[in-house]
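These notes concern the structure reproduced below.
The values are calculated or read from the model by the stated rules, or taken from the named source; none is laboratory data. Keep in mind it's a predicted model, so treat the numbers as computed, not measured. Reconstructed Cβ throughout: ideal geometry from the backbone, glycine too, with neighbour counts over all protein chains shown. Accessible surface is based on the protein model in full, side chains and every heavy atom, while ligands, DNA and RNA are left aside. Shrake-Rupley method; radii C 1.70, N 1.55, O 1.52, S 1.80 Å.
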Amino acid sequence: MTTRVVVVAGDGSSFSAGLDRSQFGTLPAVLDQGDEAALDTIGGYQSGFSWLRRPEFVSVAAVQGHAVGAGFQLALACDIRIATDDAQFTMAEPSLGLVPDLGGTQVLVDLVGYSRSLDICATGRRVGAQEAAAIGLVNAVVPTADLAGAVDDLAAALCAAPRGAVSMTKALLLGARGRSYPEQLLAERQAQLARIRALAEEIHGSGTDA
């Protein structure tokens, strides 16, 4: 069975409270590894978030309560975010003397722009669900009791289209920022040709999952 949708949700009343401040005592140990190993360690943490952008599935963050720091960036790592009306997003790292380092900076700028991103990160203020929806940070806001149903409805809608078409469309959208317009047009042509081939094979009975 192929996974079409990955849902990321918290266990309890909050999505994620972020960094445990007691871990600050381990910071010297990170430096003791040497720069190269320390960068590799951070890279390992980043890979734990960036896999959610893989094109073979669509990732959905179901956010309720607090999404703080790494929790905020985990929500940003997902393709789509649905929040409850009590959700609050906080990028706490700068307030703790650190920087967001789990891939959240680029996605945040893409979603809400540079100025809003700097405001959210540098002040460490809480962004409520309604503001998050107004600035494009989340796709929808629902009552807490309706979150599971809203996620189920979205997952069903995402699974209604052929898997190959959705995954190739996600890949096109993810790569659009790094391509020139002519390059994007070429990528679209190539993807469309692949889809036509897949559909032709399905019509002739040799395709299994278009």
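Between beta-carbons, use under 14 Å as the cut-off and find the net charge around residue 105, counting Lys and Arg +1, Asp and Glu -1.
Numbers: positive: 116, 177; negative: 93, 101, 110, 119.
Summing Lys/Arg as +1 and Asp/Glu as -1 gives -2.
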If r is the Cβ-Cβ distance from residue 130 to residue 41 and R0 is 41 Å, what FRET efficiency results, to the nearest 0.05?
-> 0.65
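Of the accessible area of the chain, with the probe set at 1.4 angstrom, what percent is carbon plus sulfur? Working shown, then result.
Details: 6710 of 11770 Å².
Carbon and sulfur atoms account for 57 percent of the accessible area of the chain.
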Percent RCO, i.e. relative contact order, over the stretch 150-210, from Cα pairs under 8 Å lying at least 6 residues apart = 38
Excluding ligands, DNA and RNA, what is the solvent-accessible area per residue of the stretch 57-210 at a probe of 1.4 Å, expressed in Å²?
-> 50
Please label the shape of the stretch 27-88 as rounded, prolate or oblate, based on the square roots a ≥ b ≥ c of the eigenvalues of the alpha-carbon gyration tensor (a/c under 1.5 means rounded; beyond that, a/b larger than b/c means prolate, else oblate).
-> oblate
Share, in percent, of DSSP beta bridges within the chain that are antiparallel, nearest 5 | 10
Obtain the radius of gyration and the Kirkwood radius of the chain from its C-alpha atoms and give Rg over Rh.
-> 1.02
Value at 222 nm in deg cm²/dmol, rounded to 500, when DSSP H runs of n ≥ 4 in the chain each add -39,500 (n - 2.57) = -15500 deg cm²/dmol
Unit charges at the beta carbon, dipole of the chain: most positive-side option, 31, 140, 47 | 140
Contour minus Cα-Cα distance for residue 190 and residue 204 (0.36 nm per residue) = 2.9 nm
